[in-house]
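Data first, discussion second: the structure below is written as structure tokens.
Bear in mind that the values in this text are calculations on the coordinates, not laboratory data. Computed from a prediction, not measured in an experiment: that's the story for all the values here. A quick note on method: Cβ atoms are made from the backbone with ideal geometry, for glycine too, and the neighbour counts reach across all protein chains shown.
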Amino acid sequence: MKKILVLALSLVLAMLALAGCGGGGDSGSGGGDTIKIGVFEPASGDNGAGGKQETLGIQYANKMCPTVTIGDKEYNVELAIVDNESDNSKAVTAAQNLVSQNVSIVLGSYGSGVSIAAADVFADAGMPAIGVTCTNPQVTADCEQYFRICFLDPFQGTVLANYAWDSGCKKAYCLSKLGDDYSVGLVNYFVEAFKGLGGEVVEEQFPDKNSDFTSYVANAKNKGCDVFFAPVSTEAAALIIDQAEAQDLGMPILAGDTWDSNVITEAAKGKNVDITVTTFYQEGGNPEFDEGIKAWMEEDSTAMTNNGGNTDLAAVTAMGYDAYFVALEAMKAAGSTDPADILAALPALQVSGLVCGDVSFNETGDANKTEAFVKRCNTETGAWEFVKTQSAE
Amino acid sequence: MLQTWLPYILAGIAVGGQYALIAIGYTMVYGILRLINFAHGDVFMWSGLIMVYLITVLPLWVSVILVIIFAIVLGTTIEKVAYRPLRSAPRMSIMISAIGVSYLLQNFALYITGGLTKTYPEIGFLQKTIKIGSATTKMVTVITPVLTIVLVFLLVMLIKHTKIGMAMRAVSRDFETSSLMGIDINRVITVTFVIGCGLAAIGSVLYFSNYTGINPMSGAMPGLKAFVAAVFGGIGSVPGAVVGAFVIGICENLIKGAGWTTFSDAFTFVLLIVILMVKPTGLFGEKNIDKV
């Protein structure tokens, strides 16, 4: 009896394995005029929520513009989406997966750590990659293949420090996650700039998988800080907001682009907290885009779920949308679908008419951006309100 | 002085109580089966997750009760499916089976939730903000230690003064002999899992009311720390696990308060190593008498 069961089970497994191979083979051979764009984003883990929103922008762009004319030939654009699980070790496997799928160019990722981890894989394969919202300078610094369309942390850190200083804060509490390239990096630049202005800082870090932020909030209060700077993942952010309310933090919370998400507005809604962030895009900046993508999310329930259950726009979605068109323009400029040709065409590329402003690259492959949007969370309505645009000077 | 440290001590006592409720599950199962039930932290995580789904359709009290029942059913099912068939196998096999169950539960949760953090529902009176001296905190911080101590007291009474409690003590002393004496081993083990998982479910309600995000990995860290607490107090001993959990919870928060935030987790695990080296049986651990 047992033997029969074992036999049956192994048969089922073998059939599943075969079926898997069959499926893979089909999609590879289908359609001769298809060009693949790799989407290297987290769909799970710490940055899963943000990664999904960024992917959403790319998917919407692909829906709006599913074909591209390179030379005289029209190609269908297909997205190859992989999940890097917000994990630096899994990111490498995910990147290799994209390379072996023969994509022409890669977009992503949300979260700088995974991009830095995957940079070597793209470099070895000669695969051009466009970072969408990874703001750590290291992403493009040592990698010829990595470009990006967003501003950088030295810039963002300075902007945030200026903003804090201008609003009268003298002592800042800075919280980052141990071993997380994004938050550690951004905190460093913030500290540098804030000290430069004459401010004082208290720096602390929390370990991976920590969900108890009670003591951090208490520390900020006890040390007499007057701004709480925590550019951490949205998962941790929701917990911090919760504790800030529970312990009556009594100082504004400041964060970077990651916090521009409806995860934050939902966590802060109805709570006595003051949250300000810097970001890439403000809803209303391009009404046509806003309406279009919202209508799409209304129609497509999966898209709505991936956006966190409502149609509030995140800046990363707009950035994802832009990244897709930058990729298309790069292919047109290269006149080829070969990664090497696209890579050669990228440095000189100039793209205008995008949602979050024009894109051109400097010599390290970073976008020339000089301004960030400052937004503040309205805790009554649970929506972001535009404060001002702030530059680094 | 106390003014400054009060918030940390309160937070430590609260999280210590929550660790204690999980640690009891580890320590009891170890006491009886000599098995470290690695899946226990994930049963805890699943209780939290189920609560998120139940609260959308059911009133609060019904959901809390259903969550406890769910955790008990999940725990006993794990025991029946993954541990019972291996009872006579070497201890290593059953431990590997436990690790397997743990990963299965985590990945199943990943599949269900899509990997995103779910927000724990608001339980009004637990999350109410209150002021104690210089500290502002949530109601749950005060309720947790009281509830924990009451539950532990009841549990100790159960172990000391009831028939099933006596059976449990007998089984933990000598597995084979007690079965020869006519004790229904399977029943004792099931009851152990029922108690352990029920307490973990109560712990999850308290823990997630305080730290409101749940993802598939949420059970891993509290589970690990509760396990350290159980070892610290002497694995197999219920009061030991509770004392250990409070020590770990309070120390962890005091260390964060002293400014060494980076090392708060390191402390927990250094403590584990030191205990294993200096006093392997833990604070209240049973003496190991070698019989020839």
> Fewest to most neighbouring Cβ within 10 Å: what's the order for B:H40, B:H161?
Replying inline: B:H161, B:H40
> Equivalent-ellipsoid semi-axes (√(5λ), Cα gyration tensor) for region A:265-324, whole Å, largest first?
Replying inline: 21, 16, 10
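So how do A:R376, B:R173 line up by other beta-carbon neighbours within 10 Å, fewest first? Present the calculation step by step, with values, prior to reporting the outcome.
Numbers: A:R376 15, B:R173 12.
Ranking A:R376, B:R173 by Cβ neighbours within 10 Å, fewest first, gives B:R173, A:R376.
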>> I need two numbers for region B:20-219: Rg to one decimal and Dmax as a whole number, Cα atoms only, in Å.
In response: 17.9, 59
>> Please report the net charge: other residues with Cβ closer than 10 Å to the Cβ of A:E204, K and R +1, D and E -1.
In response: +1
>> If neighbour count is taken as other Cβ atoms inside 10 Å, put B:M221, A:M297, A:M331, B:M277 in order from fewest to most.
In response: B:M277, B:M221, A:M297, A:M331
>> Cα atoms only: what Rg and Dmax, in Å, come out for chain A?
In response: 22.0, 79
> With a sphere of radius 11 Å drawn around the Cβ of A:T317, what net charge do the other residues whose Cβ falls strictly inside it have (Lys, Arg +1; Asp, Glu -1)?
Replying inline: -4
> Can you give the average number of partner chain beta-carbon atoms within 10 Å of each beta-carbon in peptide B:208-214, as a whole number?
Replying inline: 5
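What fraction of the Cα pairs in the protein assembly as shown, stated in percent, has a spacing above 43 angstrom?
31 percent
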> Counting only other chains, what is the mean number of Cβ atoms within 10 angstrom of the Cβ of each residue in peptide A:243-254?
Replying inline: 3
> Using alpha carbon centroids, what distance separates region A:363-387 and region A:100-162, in Å?
Replying inline: 19 Å
> What nm value, rounded to one decimal, do you get for the distance between A:K73 and A:K195 when each label is placed 7 Å out toward the C-beta?
Replying inline: 5.6 nm
> What FRET efficiency comes out for the pair B:M1/A:S167, r = Cβ-Cβ distance, R0 = 30 Å, nearest 0.05?
Replying inline: 0.35
> Across peptide B:256-264, how many C-beta atoms of other chains are within 10 Å of each residue C-beta, on average?
Replying inline: 6
>> Explain nothing, just the number: relative contact order of chain A, from Cα pairs under 8 Å at least 6 residues apart, as a whole percent.
In response: 18 percent
